[in-house]
């Protein structure tokens, strides 16, 4: 009996070795490895097999046929994660109504958005692409890996939490732009009230379905009961109440942030983190106690009045108080320099290099629910890596290569080579043209 | 007084003409097309064959030796010509009379004037049909006998209709009303949904609501006692057969993501779904094995495409080389498809782009199938059209050479057994000497007297189109060619419900057009001068 | 009795000298022990900078520190010249979403009469924040119109606008007419005939020329009509005379070439701003001898074909061709990031020393104030920054900033709010 079990068991365990559909084999050699969570290896190697990190250490020999990347003199770090963007989608915000949780950005993905390449050039391997902040309750978001050249479906990260976008403050109350069709709510009281109203409606909806299903089981009524109408809007909110989705709430002012925490307690739903949270430093205490993180800009501020007290020290200060902070770009331009933003937390906030690096790697990974597969360089995690020519926290650094699951998606040296060849071809064409004209 | 007398006489004169003219005859005629090569598409070609048409149907076809020509048949000598099935364009938005839209008078910051919900599932496009002789004529010129007219506006745009272009009366042209429900991944205006993600949610919710509506209705129908009466909803009522009885739904897909969106919905709700548009279908060929595919021949890459965002050079290459190869790539992946004119504004572009697709690698035979038997099969009408065989509708075209060749012209076309001669385009056309666009007025002088007319002309290079208005009404000016100062055009006059073509030939100067109308038994002179436009 | 008078007199004399030397102390500062990075000239390790009456009296390794000088121990620190922002909106923009706080934009096409310094808000929260990061001077500019107006160079300290002005006007700002850029996803707007607008610009300059000529002629001859006052033309006179430089905002290669021809034809004294595709026409810019102020390096390259690093490598290419350049923050709330732009250019190939010049001596030369600032040299104004590292680096902390020889307060809105909430338990 035992003799049979062991091989069967081994056979089964083979099924569980993760193999990623677009994963490849790669060996990175001789770089300074910043693992993020387990210190720095001054001169080390990383072996990736089928997209998963198999070994990290010194002097790893290349197995046969595995491509090698020479990272001598360079810094090898976990791929950067941007936990708040609006790239790779063709629609931003369902503005026709104030409450639209039934819509999902998954339905409007665009794998051909050049912003994906822009993200890669900045060492970003994964993004949380979101619904806009024009609605108190917006829509469902999605996490993508920046696999430029593959289809949208191949980019979706299924391990991530399901998240629902909420928004508070000036944007959902429509006060910092002109609209010809203002709708309720137009005040912070209204924003809070409408969120409460919809959650009460969802609670009610859940109740109606629960009763129907219960009645169906009992013998008496059965036949003539009309089922309640399945309402996708209410279903989405019901999922939030059931804990199947987490809230990601856009807010600036400390007070509105606290009010939303109260709402979450009133209805028993979970907040993954607050977006922007300019005034988080004012309520670092509450955020740390509740275990709610923030996803912020380091120093983009004063562009509207609710951001007028968004000090650059906030990210560092909150981190020191025990809040899980990540830094995001919310922009297809700023996504290229998230590592610069993180580095500023050393000057403004007094964080160490390691703490600063976490703001754009493991911290956002935890917030998105993907810390088991990304956010740091550890055996068993996905081979999502960015290679920099200087320390990523230096102002002089530049991303030279971005790798996702062992496949190279951005290679500066290759890019320059191709560009040079193209320019040569163009110059030759020009010469020919001029020659012909004569 | 004089005018009244003239009108009465003219009226009788024209009535006489109608009896003797013979530009088109209605079904009831019997034809024998003889001595041509016959390409039935669904069976092997016949080198020298005969096709017998009676009462709008093909009663027999075969090699010349084997077919007996009926006594009452009009013999059409077709030596040197080739007979093909009439072509089917399975997605067009032409022929629709949509209310003239005011150009968006939207000022910055003002609310949109109209609210468009986009939910017209109960709209059958037949109601909006306005078949124009000129459009029918331009389709005939390229050999198209059958079109699927799809409604354009809205998310649930409405139900499409299949027409045989056999004349003018819309009713007579209908082959199948309500062929499919057309769904577009577009947005509503002024109301939910304002984005495509909202549209997807709306589609899903509507499908769920149709199911719920149906189950409520069924429950009520089986025993109305003690059950709340379901509220009538025309939108859902119309939707039910498509969601629950697998009546076809055609999704218009403008890019590869639309295709995937449609496929997700088809899968989630087990719909009988077709895909149309799809000019970049080759990029998602792996997904397309099972779904009927109608591929449009417009080659402009969609805005979301990578070919548009990487610079001018690539964009041009995409439009000239990459997208025209769509059909060829699909064929190589083993996918069956139909080719449509969706996205094109002129019927002549349909033929031109078929030729471009062939040039880009699509085998000619496949192109022919894609506009004959494949669309017929997808639309469920292959028992009555799509190929030349006994018992099928007599949609036949006679061409001067191999179909889709540069020099080939359609000489004759039979639609529902009605024969149309295609006029020869003028051999040598010079550049137009001037622009005739605008208003003209003058007189028609005939043996019977004078008739006041006004003309409104449009000109695009050599082509002239327009209308001529008189006490008889408004008539279409078609097939107009201005070569240098030589002007020719045809007027399709409608008198007493009958149509009669009158050919004009004459000279055009800056302010004066003069020439002669000829019809089968006589002629009339016309002289018109330009109406000066009030200073600009 | 004499003894008492003598003691008393001696006491008085001593008291007098003592009080006198207290006064000189405030104007006499010695920064001791820092590594001096003068930008012009060799670096000096463990050097001394002597400040007197707001100017750099002397600097070097073995400088005599006079009696009564306030000594600042700068051991382990680095001394740099204060940085100069090539173009920004400090003091002219507080909250970008609130128009009531924006004062660098005006309506109208020709606004040569506008002076940016006249709208300065010395209490803007953004000024102390920029200053605390080592920026001591900045060019504040009007923006938006074809001819936007006159910019001014300000010091980042002062109670009143008057206090802050170093030089005004520095240049007349012109937006060079160009073809509107295609927006992603939308077709290009119909071509606006930029050549027509250039003609328009030429016409205006020509009118200014003749306006001036008529005025001069009338001054010499009482019988001639003295021309009516024309606001737009009046302020353009120094421009057409070649006395007041023009700063021309221009971006694409073809437009840059056209702008070069334009300034040569019109005999203007040009500075170009923006120049995102300058790398394509570097030789032409060099030949024309025109200095360049880069726009923010955060701007995306105008065309995909420019390459993902189009704007980043611009400085390297232009420097190689021999063009003089400076960096700008092009901001008010992020003016503090001026050094980050310079470092970004260095990350993509520019020599780090050249990058530093781009925020110190280069802008000083381009604005004609290099006799006053831009480097640590004897006789120049004592705008000095003491940092614990390379001022272009992100982790560096600025410890002291001197403007005109006086140490300035480094507290700002950030630090005030931080201190307040540090107190919350």
(message) Tell me the residue from C:314, C:299 that is over 17 Å from the mean Cα position of the chain (by Cα) and surrounded by 24 or more Cβ atoms within 10 Å (Cβ to Cβ), please.
(response) C:314
(message) Would you confirm, using the coordinates I've provided, whether residue B:229 is within 27 Å of the chain's Cα centre (by Cα) and in a loop (DSSP other than H, G, I, E, B)?
(response) no
(request) Those residues that are within 17 Å of residue C:202 (Cα to Cα) and in contact (Cβ under 8 Å) with a residue 60 or more places away in the chain, I need them from segment C:239-254; list them, please. (result) C:239, C:244, C:245, C:246, C:247, C:248, C:249, C:250
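So, residue B:294, is that one more than 14 Å from every other protein chain (Cβ to nearest Cβ), closer than 30 Å to residue B:88 by Cα and either modelled with pLDDT of 95 or more or in a helix (DSSP H, G or I) (or both) or not?
Values: more than 14 Å from every other protein chain (Cβ to nearest Cβ): yes; closer than 30 Å to residue B:88 by Cα: yes; either modelled with pLDDT of 95 or more or in a helix (DSSP H, G or I) (or both): yes.
So residue B:294 fits the description; yes.
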(request) Output the residue which, of all residues in segment A:127-141 that are more than 11 Å from every other protein chain (Cβ to nearest Cβ) and not in a loop (DSSP other than H, G, I, E, B), is nearest to residue A:107 (Cα to Cα). (result) A:129
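Being surrounded by 21 or more Cβ atoms within 10 Å (Cβ to Cβ), touching a strand residue (DSSP E or B) at 6+ places or on another chain (Cβ under 9 Å) and more than 10 Å from every other protein chain (Cβ to nearest Cβ) narrows it down to one of A:99, A:87, so name that one. Give the derivation first.
Numbers: A:99 fails: surrounded by 21 or more Cβ atoms within 10 Å (Cβ to Cβ).
Checking each option against the conditions leaves just A:87.
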(request) Say whether the condition of being crowded, with 21+ Cβ neighbours inside 10 Å and within 12 Å of chain A (Cβ to nearest Cβ) is met by at least one residue in segment C:383-390. (result) yes
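Of the residues B:338, B:318, B:325, only one is in the same structural domain as residue B:354 (by TED's automatic domain parsing) and in contact with a strand residue (DSSP E or B) (Cβ under 7 Å, 6 or more places away or on another chain); which? Quick ask: steps written out before the conclusion?
On the way: B:318 fails: in contact with a strand residue (DSSP E or B) (Cβ under 7 Å, 6 or more places away or on another chain); B:325 fails: in contact with a strand residue (DSSP E or B) (Cβ under 7 Å, 6 or more places away or on another chain).
Answer to the selection: B:338.
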(request) Output the number of the condition that residue B:219 fails; it satisfies all remaining conditions of (1) surrounded by fewer than 16 Cβ atoms within 10 Å (Cβ to Cβ); (2) at negative phi; (3) over 35 Å from the mean Cα position of the chain (by Cα). (result) (1)
(request) Could you please give the count of residues in segment A:155-182 that are surrounded by fewer than 14 Cβ atoms within 10 Å (Cβ to Cβ) and either in contact with a helix residue (DSSP H, G or I) (Cβ under 6 Å, 6 or more places away or on another chain) or within 12 Å of another protein chain (Cβ to nearest Cβ) (or both)? (result) 6
(message) Quick check on this structure: which one of B:311, B:277 is under 23 Å from residue A:90 (Cβ atoms) and buried (at least 18 other Cβ atoms within 10 Å of the Cβ)?
(response) B:277
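Do any strands (runs of 3 or more DSSP E) lying entirely in segment B:361-463 carry at least 1 residues that are not assigned by TED's automatic domain parsing to the domain that holds residue B:485, and which ones are they?
Working: elements: B:396-399, B:410-415, B:418-421, B:438-446, B:449-460.
Correct list: B:396-399, B:410-415, B:418-421.
Considering only segment B:162-171, I want to know if a residue exists there that is part of a helix (DSSP H, G or I), touching a residue at least 24 places away in the same chain (Cβ under 8 Å) and away from every other protein chain (no Cβ under 14 Å).
Checked against the condition, which is being part of a helix (DSSP H, G or I), touching a residue at least 24 places away in the same chain (Cβ under 8 Å) and away from every other protein chain (no Cβ under 14 Å), segment B:162-171 yields at least one hit.
Return a yes/no flag: does segment A:300-312 have any residue that is in a loop (DSSP other than H, G, I, E, B) and in contact with a strand residue (DSSP E or B) (Cβ under 6 Å, 6 or more places away or on another chain).
Of the residues in segment A:300-312, the ones in a loop (DSSP other than H, G, I, E, B) are A:300-304, A:308-312.
After this cut, where a residue has to be in contact with a strand residue (DSSP E or B) (Cβ under 6 Å, 6 or more places away or on another chain) as well, the list is none.
Among the residues of segment A:300-312, not one is in a loop (DSSP other than H, G, I, E, B) and in contact with a strand residue (DSSP E or B) (Cβ under 6 Å, 6 or more places away or on another chain), which makes the answer no.
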(message) Can you tell me which of (1) closer than 22 Å to residue A:310 by Cα; (2) within 12 Å of chain A (Cβ to nearest Cβ) is the one residue C:303 doesn't meet?
(response) (1)
(message) Looking at (1) modelled with pLDDT under 95; (2) within 14 Å of another protein chain (Cβ to nearest Cβ), which one does residue B:196 not meet, given that it meets all the others?
(response) (1)
(message) Going by what's in this entry, would residue A:380 be described as in contact with a strand residue (DSSP E or B) (Cβ under 8 Å, 6 or more places away or on another chain), surrounded by fewer than 19 Cβ atoms within 10 Å (Cβ to Cβ), more than 10 Å from chain C (Cβ to nearest Cβ) and under 26 Å from residue A:324 (Cβ atoms)?
(response) yes
(message) Residues that are within 13 Å of chain A (Cβ to nearest Cβ), at pLDDT 95 or above and part of a helix (DSSP H, G or I): does segment C:363-378 have at least one?
(response) no
(request) Can you work out which of the residues in segment B:181-193 that are more than 7 Å from chain A (Cβ to nearest Cβ), assigned to a loop (DSSP other than H, G, I, E, B) and touching a helix residue (DSSP H, G or I) at 6+ places or on another chain (Cβ under 9 Å) is nearest to residue B:250 (Cα to Cα)? (result) B:185
(request) Filter segment C:416-425 for residues that are more than 8 Å from chain A (Cβ to nearest Cβ) and either closer than 30 Å to residue C:383 by Cα or in contact (Cβ under 8 Å) with a residue 60 or more places away in the chain (or both) and give the result. (result) C:416, C:419
(message) Return the residues of segment A:112-126 that are within 14 Å of chain B (Cβ to nearest Cβ) and in a loop (DSSP other than H, G, I, E, B); say none if nothing qualifies.
(response) A:112, A:113, A:114
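Kindly establish whether residue C:319 is assigned to a helix (DSSP H, G or I) and more than 14 Å from every other protein chain (Cβ to nearest Cβ). First the steps, then the outcome.
On the way: assigned to a helix (DSSP H, G or I): yes; more than 14 Å from every other protein chain (Cβ to nearest Cβ): yes.
Yes; evaluated as a whole, the condition is true for this residue.
Please go through segment C:287-300 and pick out each residue that is farther than 12 Å from residue C:274 by Cβ, assigned to a loop (DSSP other than H, G, I, E, B) and touching a helix residue (DSSP H, G or I) at 6+ places or on another chain (Cβ under 8 Å).
Matches in segment C:287-300: C:290, C:291, C:298, C:300.
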(message) One residue is enough: does segment C:72-95 have a residue meeting the conditions away from chain A (no Cβ under 14 Å), assigned to a loop (DSSP other than H, G, I, E, B) and under 17 Å from the mean Cα position of the chain (by Cα)?
(response) yes
(message) Out of the residues in segment A:300-319 meeting the condition of being touching a residue at least 12 places away in the same chain (Cβ under 8 Å) and farther than 19 Å from residue C:420 by Cα, tell me which one is nearest to the other protein chains (Cβ to nearest Cβ).
(response) A:304
(message) Looking only at segment B:297-308, filter to residues that are crowded, with 18+ Cβ neighbours inside 10 Å and within 14 Å of chain A (Cβ to nearest Cβ); which one of those is farthest from residue B:347 (Cα to Cα)?
(response) B:306
(message) Restricting to segment B:248-270, give me the number of residues that are under 23 Å from the mean Cα position of the chain (by Cα) and either away from chain A (no Cβ under 14 Å) or in a strand (DSSP E or B) (or both).
(response) 6
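The values are calculated or read from the model by the stated rules, or taken from the named source; none is laboratory data. Please read all numbers here as calculations on a predicted model, not as lab measurements. Every residue, glycine as well, gets a Cβ built from its backbone with ideal geometry; the counts of neighbours run over all protein chains shown.
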